[in-house]
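Comments concern the structure below.
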Amino acid sequence: MAEELIGKVLVFKQHRGIITETEAYIGFDDPASHAFKGETPRTKIMFGKAGFSYVYLIYGMYHCLNIVTEKAGFPAAVLIRGVQLSDVSKLHLDGPGKICRHMGITKAHYGIDVATSEELYLGCIKQTLAFSKTPRIGIKVATDRLWRFLAKSEKG
DNA sequence: ACCCCGATCGTA
DNA sequence: ACGATCGGGGTT
């Protein structure tokens, strides 16, 4: 799903943009995942059905948006790390904290079903984007896994 | 009650 | 390279 989401459209309220960068956090054997140590109130949504938002606060200052994937009982999520805004600014939001800060996404938007919500959802465009795979960044473990996906022409 | 630390970002 | 800033989660 992290690969699939490259080139899809992220819509939140009046904001929309093409997803240019994602990271995957998968299952019980991924030590970089918040779900690795088991289910907690914060990570509960990751253990549920796919298609729900997982928003968390990081470093006391920034929010990060994920989309839960995989079947219930198997924790996984895709972190949205990069978005190219579709408005006239064409601003490239580079980093999960910047995306949420710009769009106003907070923990209040935890657990939204993106399949039915009219506030937060995903869309398609006709073209697909080529992408590259790299190690995930900002983590200190499991950096050998190529679970970061970056649209071509993005640096990194 | 206390402590450590983090899927970040802006500034130096 | 570093500090800001605070909640989550484990430990006392």
(message) Checking A:Phe36 against (1) of a type in the set (A, V, I, L, M, F, W, C); (2) within 13 Å of DNA strand C (Cβ to nearest atom); (3) touching a residue at least 60 places away in the same chain (Cβ under 8 Å): exactly one of these is not met. Which one?
(response) (3)
(request) For region A:93-127, enumerate the residues that are away from DNA strand C (no atom under 16 Å from the Cβ) and either basic (Lys, Arg) or at positive phi (or both). (result) A:Gly104, A:Lys126
(request) Given the conditions (1) within 14 Å of DNA strand B (Cβ to nearest atom); (2) assigned to a loop (DSSP other than H, G, I, E, B); (3) over 11 Å from the mean Cα position of the chain (by Cα), report the number of the one that A:Gly7 does not fulfil. (result) (1)
(message) Here is a check on your reading of the model: is A:Val83 buried (at least 17 other Cβ atoms within 10 Å of the Cβ), among the β-branched types (Val, Ile, Thr), within 14 Å of DNA strand C (Cβ to nearest atom) and assigned to a strand (DSSP E or B)?
(response) no
(message) Cβ-Cβ under 7 Å, sequence separation 6+ or interchain: first residue in region A:135-152 and more than 11 Å from DNA strand B (Cβ to nearest atom), partner in a loop (DSSP other than H, G, I, E, B) and among the aliphatic types (A, V, I, L, M). Which pairs?
(response) A:Pro135/A:Leu146; A:Phe149/A:Ala2; A:Phe149/A:Ile6; A:Ala151/A:Ile6; A:Ala151/A:Leu129; A:Lys152/A:Leu129; A:Lys152/A:Ala130
(message) Of all residues being on the phi < 0 side of the Ramachandran plot and not in a strand (DSSP E or B) in region A:56-71, which is farthest from DNA strand C (Cβ to nearest atom)? Just the residue, please.
(response) A:Lys71
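We did not get these values from a lab; they are worked out from the coordinates using the rules stated. Note that the coordinates shown come from a computational prediction; the quantities given were computed from them, not determined experimentally. As a convention, Cβ positions derive from the backbone with ideal geometry for all residues, glycine included, and neighbour counts pool all protein chains shown.
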